[in-house]
Amino acid sequence: MGKGGEKSEESGECKAQIPLYTWEEIQKHNLRTDKWLVIERKVYNVTQWAHRHPGGHRVISHCAGEDATDAFQAFHINPTLVQKFLKPLLIGELAPGEPSQDRDKNPQLVEDFRTLRKTAEDMNLFRASPLFFSLYLAHIIALEALAWLMVSYFGTGWITTLLLAFILATSQAQAGWLQHDFGHLSVFKKSSWNHLVHKFVIGHLKGASANWWNHRHFQHHAKPNIFKKDPDVNMLHVFVLGDTQPVEYGKKKLKYLPYNHQHEYFFFIFPPLLIPVYFQIQIISTMIKRRFWADLAWAFSYYMRYFITYIPFYGVLGSLSLLTFVRFLESHWFVWVTQMNHIPMEIDSEKHKDWLSSQLAATCNIEQSFFNDWFTGHLNFQIEHHLFPTMPRHNFWKVKPLVKSLCAKYGVQYEEKPLGKAFVDIVG
């Protein structure tokens, strides 16, 4: 009894030594040089560690001064392992009187969403099908082989070359959806295996950089459609997006471009030039500036393979022209698919919503069909993908009814539309 009492006393003293913080104090630490965040009521100072963060310093900085519990759960497939990195950063806990959620978020909604996630885990919806991803990779390689066989057998006529370009563009687009799966760690149980195959798919099959993609795309997932946090909506000087930004530009009388005609010049700038010009420049410069030498080697292997394959048929200039045209076609495919889920939705400054509400405000779904699933790489289930980015895409349809039910319970809008209407809404 006495010893037990001593132990309790000691543990009570230890507990008393842990600093306790209020949300008012935590929210002050959201600066570039001073970043705190909360995970499961524990307070962490990530200021110095942010630059070592595998997903990039920006994505973790976007959650500074906030409860990052749901974002932490969403991005990491092994939270227990990641906790080892967090442990040295622990500086305290939320004071007992403080709510678990910041900024008056609905605690019941947050709790119900976490219960939904646990249900999905119990249903094994985070377990990938090796057969699905093996067949998916096989169909990409088969398209590459078909393209080579066509030009070998039929020669380099205009019709053959056009068909060849469309086949290669299809292969590139599908490889883009596949690298997305590995980038989100949604295929293998071990992060290292996902990272390795991700480098192979995005590097050797597409000639791009895994690190560049990770640092950019995770920001988008953490804060979708939020100005200055989501790189996908930071298009200043080219397009003015959302409801608030055009008004802001009007007040400041900033006229870089005739924004009242942006729905017209959008078609001449964004779909055709995003991949062949903007992304290519950004990818190459990022790999060199940040010394992503492994990514550069993988990308080099793609270009070596491509030119060794097609220079014998088209020569150097012809092969370059073919590659540019393939990128041009792929860029249209990529833009229309990725933007149909986001551009028609709410685009605004930070509102500090809970995870479910923030993701639903920025995303919408496209109706399911075999073609839509294949054409969009299952990004027609954008809502489910944003809520559970590490979930294998072939399981989105299984979790969808649970998500819809939770949204209905709390009056959160769950938007789903046909593919054609989604394309029209981009123009709108």
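The values are calculated or read from the model by the stated rules, or taken from the named source; none is laboratory data. Computed from a prediction, not measured in an experiment: that's the story for all the values here. Reconstructed Cβ throughout: ideal geometry from the backbone, glycine too, with neighbour counts over all protein chains shown. Each accessible area value is taken on the protein alone, full model and side chains, heavy atoms only, with ligands, DNA and RNA left out. Shrake-Rupley method; radii C 1.70, N 1.55, O 1.52, S 1.80 Å.
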For the range 337-361, the count of residues that are assigned to a helix (DSSP H, G or I) and either surrounded by fewer than 22 Cβ atoms within 10 Å (Cβ to Cβ) or touching a Cys at 6+ places or on another chain (Cβ under 8 Å) (or both) equals 6
In the range 378-428, anything without any contact (Cβ under 8 Å) to a residue 40 or more places away in the chain, surrounded by fewer than 19 Cβ atoms within 10 Å (Cβ to Cβ) and not in a loop (DSSP other than H, G, I, E, B) is listed as 397, 400, 401, 404, 405, 408, 420, 421, 424
Look at residue 22 and say whether it is over 24 Å from residue 390 (Cβ atoms) and modelled with pLDDT of 95 or more.
yes
Inside the range 182-213, the number of residues satisfying the requirement of being assigned to a helix (DSSP H, G or I) and open to solvent by less than 10 Å² (accessible area, probe 1.4 Å) is 7
Count, please, the residues in the range 21-33 that happen to be open to solvent by 40 Å² or more (accessible area, probe 1.4 Å) and within 28 Å of the chain's Cα centre (by Cα).
6
How many residues of the range 76-102 are open to solvent by 80 Å² or more (accessible area, probe 1.4 Å) and of a type in the set (D, E, K, R)? The answer is 2
Does residue 304 qualify as being exposed (fewer than 14 other Cβ atoms within 10 Å of the Cβ) and part of a helix (DSSP H, G or I)?
yes
Can you pull out every residue in the range 298-334 that is hydrophobic (A, V, I, L, M, F, W, C), touching a residue at least 24 places away in the same chain (Cβ under 8 Å) and more than 17 Å from residue 216 (Cα to Cα)?
298, 299, 313, 322, 325, 326, 328, 329, 333
Which listed residue, of 112, 122, is surrounded by 13 or more Cβ atoms within 10 Å (Cβ to Cβ) and acidic (Asp, Glu)
112
Looking at residue 142, is it surrounded by 15 or more Cβ atoms within 10 Å (Cβ to Cβ) and not aromatic (Phe, Trp, Tyr)?
no
If I filter the range 314-366 down to residues being farther than 19 Å from residue 427 by Cα and of a type in the set (S, T, N, Q), which single residue comes out as modelled with the lowest pLDDT?
349
Only one residue in 334, 375, 371 is in a helix (DSSP H, G or I) and within 17 Å of the chain's Cα centre (by Cα), so which one is that?
334
Residue 204, sole failed condition from (1) in contact with a Ser or Thr (Cβ under 8 Å, 6 or more places away or on another chain); (2) assigned by the TED database to the domain that holds residue 136; (3) at pLDDT 95 or above
(2)
The lone condition residue 187 fails out of (1) within 30 Å of residue 307 (Cα to Cα); (2) of a type in the set (A, V, I, L, M, F, W, C); (3) at pLDDT 95 or above is (1)
